[in-house]
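Undergrad: Sharing a structure, written as structure tokens. Questions coming.
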Amino acid sequence: ASCLCGSAPCLLSACCPSTYNSTISRLAFSFLLLLGTFVSVIMVLPGMETQLKKIPGFCVDGTSLYVVGNKVNCEVMVGYKAVYRMCFAMTCFFFLFSVIMIRVRSSKDPRAAIQNGFWFFKILALVGIAVGAFFIPDGTFTTVWYYFGMVGSFFFIVIQLILLVDFAHSWNQSWLQRAEDGNTKCWFAGLLSFTIIHYVLAFTAMVLLFVFYTQPDDCTEHKVFISLNLIFCIIVSIEAQPTSGLLQASLISLYTMYVTWSALSNNPNRHCNPSLLSLVGAVIPATPAPGPVPTSLPMNTQWWDAQSIVGLLIFLFCTLYASIRSSNNSQVNKLMQTEEGEGLAADYEVAGGGEGVRRAVDNEEEAVTYSYSFFHFSLLLASLYIMMTLTNWYIAMPAVWVKMGSSWLGLGIYLWTLVAPLVLSNRDFN
């Protein structure tokens, strides 16, 4: 009981090495996000609809969804509605903490104790908000929250790209350092190999997008989207070569092609958007529900198509990486509101406190190593992104523009980090 009401390290000390207090707290909050994601995944599993329909007010005279344009049978949408309410609860939870933690400067601030402790009450609050969310009357809630999800997901896709830039930067710097320390050919060969693999995968993805998501006499928008992102990837690769190296640019190019694929798969025009299942085999439609089902709604409402699964994997990686990252990339640190860190594991002589003792070191007495408020805001955006991913963005054309726009903004930010030191030569970007 004392652990649940105490600090984050007390909860995780049995399975984690001695480390920094700031890292453990971020991991704990990320675990709450992943736990909510797991519950949301369960909500859309086959067979759950019969249980979800028992919730009072959940299935009353069908579901009005202006994005789809019709009132549809509740059995078709009940899993999606449950995901919306679960992610609404997570969004409210992280929004509350984002507001509370504004301008926390060090662990001496009383609010830092709330950030790093009282985990029993945090879990209780999240569960309470989630339970209450399931009693929200349907009305226009799903439609309104859909547009909130679109905006939040737009910015989270950009954050994912920034995190991938930082990851590639740290990866590149680490292997270059090892190459300088010895066995130069081996480490340089490794960097070159992964760079080539990323570019080959990106080029293959581009070719497949042209083959499966365009038609000779149709799908002009798709052709424009694919061509533009191909051109942008070439531009950032040319700019990156003399400054940050091609490993970053290759990984960003591959991610851009994923976002392009994800965007094109949300086009409701089936002539230009074959589903993954129709590419590899026949689509098995879901069990039809009683009552009329509108023709505008896709018959297969399961979320587990390939782009959603890849999106979940990227989401998991970026969430965990954001929790443990310690980067010397000053530009990314400014964008992510973090400071240059010293690494994941603390000095064992300092952190151990005795043989066999595992605890966390308060490394934020003088100043916090990351913005508490921005970290919670990022988890808020992640909650909205996972909501849209699990519900396939309702296969609507606005989702296509949101994803393409976020990919362009992300590429623009990355390109600026490359050209800014050249354009503003009188400023220090090191």
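The values are calculated or read from the model by the stated rules, or taken from the named source; none is laboratory data. From a predicted model like this one, the values you see are computed outputs, not experimental measurements. Every residue, glycine among them, receives a Cβ derived from its backbone with ideal geometry; neighbour counts consider all protein chains shown. Ligands, DNA and RNA are stripped out before the accessible areas are found, and what is left, the full protein with its side chains, is counted by its heavy atoms. Shrake-Rupley method; radii C 1.70, N 1.55, O 1.52, S 1.80 Å.
Undergrad: In whole Å, largest first, what are the principal axis extents of the Cα atoms in the range 194-258?
TA: 41, 19, 13
Undergrad: Let me know the shape class of the range 96-169, please: from the alpha-carbon gyration tensor, a ≥ b ≥ c as square roots of the eigenvalues, rounded when a/c is under 1.5, otherwise prolate if a/b is greater than b/c, or oblate.
TA: Oblate, because a/c is 1.5 or more while a/b does not exceed b/c.
Undergrad: Further question: Of the listed peptides 134-147, 306-319, what is their order by residue-averaged count of other C-beta atoms within 10 Å, with the highest listed first?
TA: 306-319, 134-147
Undergrad: So what is the accessible area of the range 90-195 per residue, in Å², with the probe set to 1.4 Å?
TA: 49 Å²
Undergrad: Taking square-rooted eigenvalues a ≥ b ≥ c of the alpha carbon gyration tensor, is the range 161-241 rounded, prolate or oblate, where a/c under 1.5 means rounded and, failing that, a/b exceeding b/c means prolate? Let's see the in-between values first.
TA: Details: a/c = 3.67, a/b = 2.60, b/c = 1.41.
Prolate shape, in that a/c is at least 1.5 and a/b is the bigger ratio.
Undergrad: What is the calculated FRET efficiency for A125 to R178, with r their C-beta to C-beta distance and R₀ = 56 Å, to the nearest 0.05?
TA: After rounding to 0.05, the efficiency reads 0.80.
Undergrad: State, as an integer percentage, the relative contact order of the range 68-160 based on alpha-carbon contacts under 8 Å between residues 6 or more apart.
TA: In percent, rounded to a whole number, it is 38.
Undergrad: Turning to a different aspect of this structure: Amide H of G117: which non-local residues (sequence gap of 5 or more, or other chain) have their own amide H closer than 5 Å, using H built in the peptide plane?
TA: For G117, whose amide H was placed from the backbone, the distant partners under 5 Å are A8.
Undergrad: How far apart, in nanometres, would the label points at L192 and Q215 be if each is projected 7 angstrom from Cα along the Cα-to-Cβ direction?
TA: Computed distance between label sites L192 and Q215 equals 4.6 nm.
Undergrad: Grab the Cα-Cα distance for K53 and A367, subtract it from 0.36 nm times how many residues apart they are, and report the gain in nm with one decimal.
TA: This chain segment gains 108.1 nm when fully extended.
Undergrad: Sequence gap at least 6, Cα distance under 8 Å: using those rules, report the relative contact order of the range 106-228 to the nearest whole percent.
TA: For the range 106-228, the relative contact order is 9 percent.
Undergrad: A follow-up question, please. Report in % the part of the accessible area of the range 120-191 that belongs to carbon and sulfur, leaving out ligands and nucleic acids; probe 1.4 Å.
TA: Numbers: 2620 of 3510 Å².
C and S fraction of accessible area: 75 percent.
Undergrad: Calculate the FRET efficiency for L422 and F141 from the Cβ-Cβ distance with a Förster distance of 45 Å, rounded to the nearest 0.05.
TA: Between L422 and F141 the formula returns 0.40.
Undergrad: Sorting check: for 110-123, 215-228, which peptide has the highest mean count of neighbouring beta carbons within 10 Å, and how do the rest follow?
TA: 110-123, 215-228
Undergrad: Right, here's the next one. Ignoring ligands, DNA and RNA, what accessible area per residue does the range 373-416 give at 1.4 Å, in Å²?
TA: 24 Å²
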